[in-house]
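The values are calculated or read from the model by the stated rules, or taken from the named source; none is laboratory data. This structure is a prediction, so every number in the text was calculated from the model and none was measured. Backbone-built Cβ (ideal geometry, glycine too); neighbour counts: all protein chains shown. Calculation scope for accessible area: heavy atoms of the full protein, side chains included, ligands and nucleic acids excluded. Shrake-Rupley method; radii C 1.70, N 1.55, O 1.52, S 1.80 Å.
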Amino acid sequence: MSRTFMFIFAHPDDESFTCGGTLTELAKAKDTKTILYSATPGDAGKCGEPPLCQVDELAEVRKKELEEASKLLGIDELHIGDYQDGKLNKLPDDELKNDVLKRIEAVQPDVVITFPPHGLSGHPDHKAIQLATLQAVKETDVVKELYYATFPQSLADETGNPAYADPDDSITLIKSFSNEDLDPVRKALLAHRTQHLSVERVFPTIYNENGFMKFNNKEYFIKAWNNPNYTCGSILA
């Protein structure tokens with residue numbers, strides 16, 4: 001049975017930080033399609049240190065970085081919106097939701113994955129895309145399951161990452177990966193060259209080919225919504 005998974009985030013690099021391991025796992029699965037939508041090109045991000053580009057060039061540079069990262073992760077389709085980075089929560093009512101809804105109906109995903117309500121870092125764009133995605137999913141009968149890519153509070157307490165987390169008992173799915181599994185994720189993170197300061201801060205072992213660790217090599221999800229017309233088991237598991 002064919003399956004389509006759609007990952008909806010706010011910025012280039014969100015995909016690699018949150019669920020790169022899951023993306024690479026799905027890329028290896030038969031009859032499975034992965035689609036990534038980044039609502040912005042990341043034009044309010046960093047330019048690197050020393051700067052790798054001018055500020056007015058950043059959007060185009062980060063688009064290319066995301067294209068490279070997507071290839072490394074095995075993503076089948078990449079879509080990048082042209083909303084302004086840092087302004088998603090300032091859009092007129094329903095504009096972002098309608099955009100997400102249109103994209104969902106165009107690609108017909110079985111499963112959608114996005115941020116949890118707190119956005120992990122608390123970034124207003126992360127919270128805006130989560131809310132828009134939740135609203136869009138509930139307005140269409142296309143999607144069977146909605147998941148939040150999150151972080152358990154116990155691991156947040158242990159590592160200091162990220163700024164926000166969810167109670168351990170709310171986690172409904174944990175995916176574990178080997179170092180070999182995560183090598184494409186390490187390379188995808190490094191592909192976001194302009195954002196290397198953030199990558200290095202969150203992942204101190206990023207340059208260690210054999211010793212890279214990504215949150216104890218696990219990714220965590222909350223099943224946030226299930227289509228009432230779909231009663232079978234979890235598709236993402």
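Descriptive notes on the structure:
- Estimated D of the stretch 1-65 in µm² per second, where Rh is the Kirkwood radius over Cα pairs and Stokes-Einstein applies at 25 °C, 0.890 mPa s: 185
- Working note: Cα atoms of the chain, range along each principal axis, descending, whole Å: 52, 40, 34.
- Farthest toward positive dipole pole in the chain [+1 Lys/Arg, -1 Asp/Glu at C-beta], among VAL61, SER198, LEU101: LEU101
- Taking LYS175, LYS28, LYS63 as the candidate residues, the one with maximal mean-square fluctuation in a Gaussian network model of the chain, Cα springs under 10 Å, is LYS28.
- Counting charges near THR32 (Lys, Arg +1; Asp, Glu -1) among other residues having Cβ under 9 Å from its Cβ returns a value of +2.
- Residue ranges 29-36, 146-153 sort as 146-153, 29-36 when ordered by packing (mean number of other C-beta atoms within 10 Å per residue, highest first).
- Among the protein heavy atoms, those of GLU57 account for about 90 Å² of accessible surface (1.4 Å probe, every chain in place).
- Remark: for residue pairs LYS144/LYS218; LYS144/LYS175; LYS30/LYS127; LYS102/LYS214; LYS64/LYS87, the C-alpha separation exceeds 31 Å in LYS30/LYS127; LYS102/LYS214.
- The chain: calculated mean residue ellipticity at 222 nm from DSSP helix runs of at least 4, using -39500 (n - 2.57): -11500 deg cm²/dmol
- The stretch 141-185 shape via C-alpha gyration tensor axes, a/c threshold 1.5: oblate
- Among ALA163, ALA69, ALA128, the largest mean-square fluctuation in a Gaussian network model of the chain (Cα springs under 10 Å) belongs to ALA163.
- Antiparallel bridges, percent of DSSP beta bridges restricted to the chain (to nearest 5): 35
- Using only side-chain charges placed at the Cβ, +1 for Lys and Arg and -1 for Asp and Glu, the dipole size of the stretch 41-127 relative to its Cα centre rounds to 240 debye.
- Residue-wise HN-Hα couplings along the stretch 119-135, as the Karplus relation 6.51 cos²θ - 1.76 cosθ + 1.60 with θ = phi - 60° gives them from phi, are x, 6, 9, x, 4, x, 5, 4, 5, 5, 6, 4, 5, 4, 5, 4, 4 Hz; Gly and Pro carry x.
- The stretch 125-235 - Kirkwood radius from inverse mean 1/r over Cα pairs (Å): 16.0
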